[in-house]
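Step one of this worksheet: look at the structure below.
What follows is calculated from the coordinates using simple rules that are stated; it is not laboratory data. No experiment lies behind these values; they were computed from the predicted model shown. When we count neighbours, we look across all protein chains shown, and the Cβ atoms used for this are built from the backbone with ideal geometry, even at glycine.
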């Protein structure tokens, strides 16, 4: 084979490789993001008075960074769940309170992010606030982290109660000193919610809704949230005072993965 033939063959191989990469890249770019079914809505279009503090859009969570799939600080739910929350809000407003949601629909890619974090035993940056008494090797066995979440079905939310008028919550600054989630309320990260005995996402048995060690005003606050929501079709997860699912779920067996953003919704109104 002549030098010219070898050169031409090499050029041809390089060109073919370039065309292949270009074709793959074009295909990847052309793959559309998954969209939400038509009966998913942004909560604020159903009830704009419910306060939203979407923790996984921020670094103030047990991972310590924004979670995959949270493109905007937005609560998305199935319409029946959102409308039931609207009814609950009406009951609480009459008593001088408001609901505040921390998380609503959660894409599967976010759950996958949690799993990767839990498997990285060296990453314990947020331990002293969110799981001070739990060894990270126990997160799966103890049920704090799982490969699937009811949130991904669209009818589960994490929420609390705020006394009105609501006070603004200061931003969390990464690297600031952390305080255990079960510390007295005036020592924990300032949150405008009523005192529930622990902060949100506290990996501790004290976060169990009816833990007998939680009494007085803290217990009364948990029961106010519980009774208000259960009277409208919500079911509490006994291990987390903040976790509720509206029943019956429109999608009891489907785990969605569309991003948390306005673009994911078929109706932008």
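Principal-axis analysis of the Cα atoms of the chain puts helix 216-230 at an angle of about 60° to the longest axis.
Calculated from the structure at hand, semi-axes √(5λ) of the Cα gyration tensor in Å is found among (1) 33, 21, 18; (2) 42, 24, 16; (3) 26, 20, 19 as (2).
Can you order the peptides 105-111, 173-179 by their average number of other Cβ atoms within 10 Å per residue, highest first? It would help to have the intermediate numbers written out before the result.
On the way: 105-111: 23.0, 173-179: 11.0.
Descending mean neighbour count gives 105-111, 173-179.
Rounded to the nearest 10 degrees, the inclination of helix 79-93 to the longest alpha-carbon principal axis of the chain is 30 degrees. If R0 equals 25 Å, the separation of the Cβ atoms of residue 173 and residue 72 corresponds to a calculated FRET efficiency of about 0.70. Using the Cβ-Cβ distance between residue 109 and residue 253 with R0 = 22 Å, the FRET efficiency computed as 1/(1 + (r/R0)^6) comes to roughly 0.70.
What's the angle, to the nearest 10 degrees (0 to 90), between helix 108-119's Cα axis and the longest principal axis of the chain? With both axes taken from Cα atoms, the answer is about 90 degrees.
Protection proxy ranking of 96-104, 250-258, by the mean of other Cβ atoms within 10 Å over each peptide's residues and highest first, is 96-104, 250-258. In the chain, helical runs assigned H by DSSP with n ≥ 4 each contribute -39500 (n - 2.57); averaged across all residues and rounded to the nearest 500, the mean residue ellipticity at 222 nm is -9000 deg cm²/dmol. Remark: relative contact order (the chain) = 25 percent; criterion is Cα-Cα distance under 8 angstrom and separation of 6 or more residues.
If you count, for each residue, the other Cβ atoms within 10 Å and average over each peptide, how do 85-94, 201-210, 32-41 line up from highest to lowest?
On the way: 85-94: 17.0, 201-210: 19.7, 32-41: 15.4.
The peptides rank, most packed first, as 201-210, 85-94, 32-41.
The distance from the alpha carbon centre of region 110-139 to that of region 208-268 is 22 Å, rounded to a whole number.
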